[in-house]
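Novice: Pasting in a structure now, in structure tokens, and then I'll have a few things to ask.
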Amino acid sequence: MPWLKSAEQQAKREGGASRSPESRLEEAVGLAAAISLNVVGSSVVSLAKPRPATLLGEGKVDELKGQIAELRVELVVVDGPLGPGQQRNLERAWNVKVLDRTGLILEIFGERARTREGTLQVELAHLNYQKSRLVRSWTHLERQRGGFGFLGGPGETQIEADRRLIQERITKIERQLETVKRTRQLHRKTRRDAPYPIVALVGYTNAGKSTLFNRLTEAGVFAENLLFATLDPTMRGLLLPSGRKVILSDTVGFISDLPTHLVAAFRATLEEVLEAEVILHVRDAAHEETAIQKKDVEEVLASLGVTKESAAANGQHVVDVLNKIDLLEGEFHDTAVNMAARDPMTVAVSALTGEGASGLLDLIDSLIVDEERPVHFDVPADEGEAIAWLHANAHVRSRSDDEEGTVHLDLGLTPIVAGRFEKRFPALARRLGEAAAEAAE
């Protein structure tokens with residue numbers, strides 16, 4: 001169990017240890033299961049020196065050929081990068097389709113994407129990957145890869161035609177994504193004007209982000225014990241204990257060795273993280289390699305320009321959320337909770353049972369920079385909707401109604417609530433602004 005380690009051991013592991021081969025194999029099997037592939041066999045292959053032609057040595061290629069034939073395998077997944085030539089040679093040697101890690105992840109993403117933006121981003125990543133496969137993939141034109149899929153049949157007979165078609169499609173998708181990006185930026189600007197602070201969930205795939213998202217917002221977002229169970233970003237309003245509202249954003253899960261062109265394709269989606277006032281790094285506390293998964297996530301965030309140093313400089317807060325503590329028993333559970341208690345920026349929770357969720361909400365509430373200021377605001381009594389809105393959204397310290405039809409409100413007003421009021425009731429905005437300015441004096 002990870003929580004048996006001392007602080008020194010944990011820090012050492014976070015610093016540079018790599019995953020065990022068995023853990024990598026387990027993750028690869030999980031990736032295959034994510035798109036309902038029936039895994040009939042798996043093994044770790046020791047590799048002293050990669051072979052340019054086939055990655056593996058001739059003896060190992062022949063040994064695996066016998067196992068593949070015996071098990072009647074139709075697809076082999078190599079958990080690592082394969083060059084176009086290596087992929088071609090292995091397919092010839094084994095007489096089956098072969099996918100590398102990047103190809104498998106792209107297949108999963110293609111199946112998971114639901115929104116227009118997600119579909120376009122996945123197809124763009126597919127095409128950029130496939131374009132590289134066309135360069136030296138086939139010496140015989142009748143066996144050339146073509147079209148837009150990995151697992152389909154042969155493509156066109158002219159490689160230049162394929163390249164041109166793919167490039168034209170890439171250019172078209174990039175234009176469409178630019179339109180989507182502008183729309184997202186407009187939505188982001190609208191949220192700033194509202195304004196609601198953004199709280200972003202990030203984390204390794206299958207760390208429980210979507211389950212935590214559902215726990216906090218009761219949104220009913222699809223969540224299952226699968227790698228990349230959800231792909232498209234989801235945003236919902238979240239009411240904090242103080243009554244303030246924030247926007248909670250659930251982003252795509254990260255994974256080790258995430259292909260660089262996938263990070264690039266999803267950069268527009270992940271830009272929500274750059275806008276977030278609070279970043280919740282959700283971790284699987286029950287996983288043996290939670291520290292290494294944390295390092296993988298931090299590397300992807302760093303590629304987006306988000307580090308602990310930059311976050312602090314930009315006024316962002318990064319919170320470690322140790323999830324799945326319901327899977328830790330006895331002293332392991334207590335150790336995780338105690339570790340979180342000693343660090344003000346760490347919370348131990350169970351998204352499944354709800355344990356620790358209230359403490360997480362309290363911490364988010366305390367991190368949102370939104371100081372309350374006393375404001376005396378006089379509102380005509382016939383502005384019933386505005387008065388009701390203030391009662392629902394602002395801190396009304398006292399109220400009195402006079403005979404002349406004016407409601408006198410003593411408010412505890414935050415800049416966020418003031419901005420939302422001015423947007424919703426523009427006719428009263430100047431009056432509230434004057435009242436706030438008078439209170440500031």
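The values are calculated or read from the model by the stated rules, or taken from the named source; none is laboratory data. Predicted model only: the values in this text are computed from it and were never measured. Note: ideal-geometry Cβ built from the backbone for every residue, glycine included; neighbour counts use all protein chains shown. Heavy atoms of the whole protein, side chains included, go into the accessibility calculation; ligands, DNA and RNA do not. Shrake-Rupley method; radii C 1.70, N 1.55, O 1.52, S 1.80 Å.
Novice: Can you tell me the length gained on complete extension of the stretch Thr307 to Glu160, counting 0.36 nm per residue apart and subtracting the Cα distance?
Specialist: Full extension from Thr307 to Glu160 adds 48.6 nm.
Novice: So which of Lys97/Lys172; Lys60/Lys97; Lys131/Lys295; Lys209/Lys423; Lys245/Lys423 end up more than 24 Å apart, counting from Cα to Cα? Could you put the intermediate results ahead of the total?
Specialist: Working: Lys97/Lys172 29 Å; Lys60/Lys97 18 Å; Lys131/Lys295 31 Å; Lys209/Lys423 32 Å; Lys245/Lys423 15 Å.
As for pairs spanning more than 24 Å Cα to Cα, those are Lys97/Lys172; Lys131/Lys295; Lys209/Lys423.
Novice: Same structure again: For labels at Glu26 and Glu174 in the simple 7 Å Cα→Cβ model, what's the distance in nm?
Specialist: So the two model labels end up 4.2 nm from each other.
Novice: Given H placed on each backbone N at 1.01 Å, which residues far from Val318 in sequence or on other chains put an amide H within less than 5 Å of it?
Specialist: Ile279
Novice: Sticking with this structure for a sec: R0 = 60 Å: FRET efficiency of Ser43 with Lys245, Cβ-based, nearest 0.05?
Specialist: Calculated transfer efficiency: 0.70.
Novice: Same structure again: List the GluC sites (Glu not before Pro) within the stretch 347-394 that DSSP assigns to loop and that have no more than 13 neighbouring Cβ atoms inside 10 Å.
Specialist: Here the GluC sites (Glu not before Pro) that fit, given the DSSP loop and packing criteria, are Glu371.
Novice: Something else now. Give a residue-ordered list of calculated ³J(HN,Hα) values for the stretch 376-391 (Karplus: 6.51 cos²θ - 1.76 cosθ + 1.60, θ = phi - 60°; whole Hz; x for Gly, Pro).
Specialist: Once θ is set to phi - 60°, the couplings for the stretch 376-391 become 9, 10, 9, 10, x, 4, 7, 8, x, 5, 5, 5, 5, 5, 5, 5 Hz.
Novice: Related question: Averaging sequence separations of C-alpha pairs under 8 Å and six or more residues apart, then dividing by the length of the stretch 379-441, give the relative contact order as a whole percent.
Specialist: This gives 26 percent for the stretch 379-441.
Novice: Over the stretch 336-441, calculate the relative contact order: mean separation of alpha carbon pairs under 8 Å at least 6 apart, over the residue count, as a percent.
Specialist: Once divided by the residue count of the stretch 336-441, the mean separation gives 23 percent.
Novice: Determine the shape class of the stretch 340-402: with a ≥ b ≥ c the square roots of the Cα gyration tensor eigenvalues, call it rounded for a/c under 1.5, and otherwise prolate if a/b is greater than b/c, oblate otherwise.
Specialist: Taking the square roots of the gyration eigenvalues as a ≥ b ≥ c, the stretch 340-402 is prolate.
Novice: Suppose R0 equals 60 Å; then what is the FRET efficiency for Glu299 and Glu403 from their Cβ-Cβ distance, rounded to the nearest 0.05? Before the final figure, lay out each step's value.
Specialist: Values: r = 67 Å, r/R0 = 1.12.
With a Förster radius of 60 Å, E is 0.35.
Novice: Additional query: So what J values fall out for the stretch 235-250 if you push phi through Karplus, 6.51 cos²θ - 1.76 cosθ + 1.60 with θ = phi - 60°, rounded to Hz, Gly and Pro as x?
Specialist: Coupling constants for the stretch 235-250: 10, 9, x, 10, 8, 7, x, 6, x, 6, 10, 10, 9, 9, 10, 9 Hz.
Novice: Please give, to one decimal in nm, the separation of the simple spin-label points placed at Arg424 and Ala392, each 7 Å out from Cα toward the Cβ.
Specialist: With each label placed 7 Å out from Cα toward Cβ, I get 0.6 nm.
Novice: What ³J(HN,Hα) values, in whole Hz, does the Karplus curve 6.51 cos²θ - 1.76 cosθ + 1.60 give for the stretch 294-308 when θ = phi - 60°, with x put for Gly and Pro?
Specialist: 4, 4, 4, 5, 5, 5, 5, 4, 4, 5, 8, x, 10, 10, 4
Novice: Got a number for carbon plus sulfur as a percent of the stretch 301-392's accessible area, 1.4 Å probe?
Specialist: Using a 1.4 Å probe with all protein chains present, the stretch 301-392 comes out at 54 percent carbon and sulfur.
Novice: Please give me, ordered by residue number, the trypsin sites (Lys or Arg not before Pro) of the stretch 277-352 that lie in loop per DSSP and have at most 11 other Cβ atoms within 10 Å.
Specialist: Listed in order of number, the matching sites amount to none.
Novice: Under unit Cβ charges (Lys, Arg +1; Asp, Glu -1), what dipole magnitude, rounded to 20 debye, does the stretch 333-441 have relative to its Cα centre?
Specialist: 440
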